[in-house]
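Input: a single structure, listed below in structure tokens.
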Amino acid sequence: DLSFGKGGYLGTAVESILPLKLNLGQIDTKPFRPGLTAAGKHHPITQLLADPKANREMWKNFPKLQGTNLVGDVKAHGTALLEHPTARTPSGRPVPILSVGHYGKGRVLSLTVDDSWRWNFQQVGKGGTQAPYYRFWNNAIRWLIRDPELERIRISSFRSSYRWGESARFRIRVFNRDYRPQRKGKVKVTIQEAPKGKVLHKSVLEVQTDGSLHHTWEPRKPGKYKIRVESVVSGPNPIVGESLFEVRGL
């Protein structure tokens, strides 16, 4: 409960890594229900149900929270996923409730409330289930630790192990900053001996309109390999996806 206000982080190095700006410790104590932002409708952290419409309804029907820290706008390296329905920042924008961002090689998440537990206990008290609450925090942790399944470049191999003489086939999916399919741009594909051996293949491929592409590579010998896909379509810092696969002898 001291993280954003009385914690004294305003103007410190801690504030510099946060995805939002801090204020002087103001608190709004009115009960409210945060709403999904445009980015929150697609981000893996806030995907509690697979069906987009059902997921939006889930967030609309969560128990209300009892107030929030009043923070400033989201920074350039941050993205708001949940926002306050009425409270505004000094610039007049909705107060961000849940924000995420990148800083250096790391990731950071800011949640400006201290009673998200209401999404568990009060939800159950109304006859609901604990599953959405636990899924929310599970999603958050998986995103923070860079679970490959939640990355913005995802590589699916048709097999985890191929026979020598058989072509290795991959499907690559590229997502933009809001986790919507990236509809244009190029990616660089590199295949090398695992874990950090000789580079055996390089190519540059065009992303299709649905944010996906397919790639085929013919290995020359059995072994363990790593495919790395790098894109710069979403800004100056490349987004990267990696996957391991094996080629067995006959």
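Would you mind classifying segment 128-203 by shape? Square roots of the alpha carbon gyration tensor eigenvalues, ordered a ≥ b ≥ c; an a/c under 1.5 is rounded, otherwise it is prolate if a/b is larger than b/c and oblate if not. The shape class here is prolate.
May I ask for the equivalent-ellipsoid semi-axes of segment 1-139, computed as the square root of five times each C-alpha gyration tensor eigenvalue and listed largest first in whole Å?
They are 25, 17, 14 Å, listed from largest to smallest.
Put the Cα centre of segment 161-199 next to the Cα centre of segment 1-16 and the gap is 40 Å.
Per DSSP helix of 4 or more residues, -39500 (n - 2.57); summed, then divided by the residues of the chain. What does that give at 222 nm, rounded to the nearest 500?
That comes out to -4000 deg cm²/dmol.
Take every Cα pair under 8 Å whose residues are at least 6 apart in sequence, average their separation, divide by the length of the chain, and the relative contact order is 15 percent.
For the chain, carbon and sulfur atoms together expose 52% of the accessible surface, with a 1.4 angstrom probe and every protein chain in place. Whole-percent P(r), the chain, all Cα pairs, 5 Å bins from 0: 1, 6, 12, 15, 15, 14, 11, 9, 7, 6, 4, 2, 1, 0.
The values are calculated or read from the model by the stated rules, or taken from the named source; none is laboratory data. In this text, all values refer to a predicted model and were calculated from it rather than measured experimentally. SASA here: full protein model, heavy atoms, side chains in, ligands and nucleic acids out. Shrake-Rupley method; radii C 1.70, N 1.55, O 1.52, S 1.80 Å.
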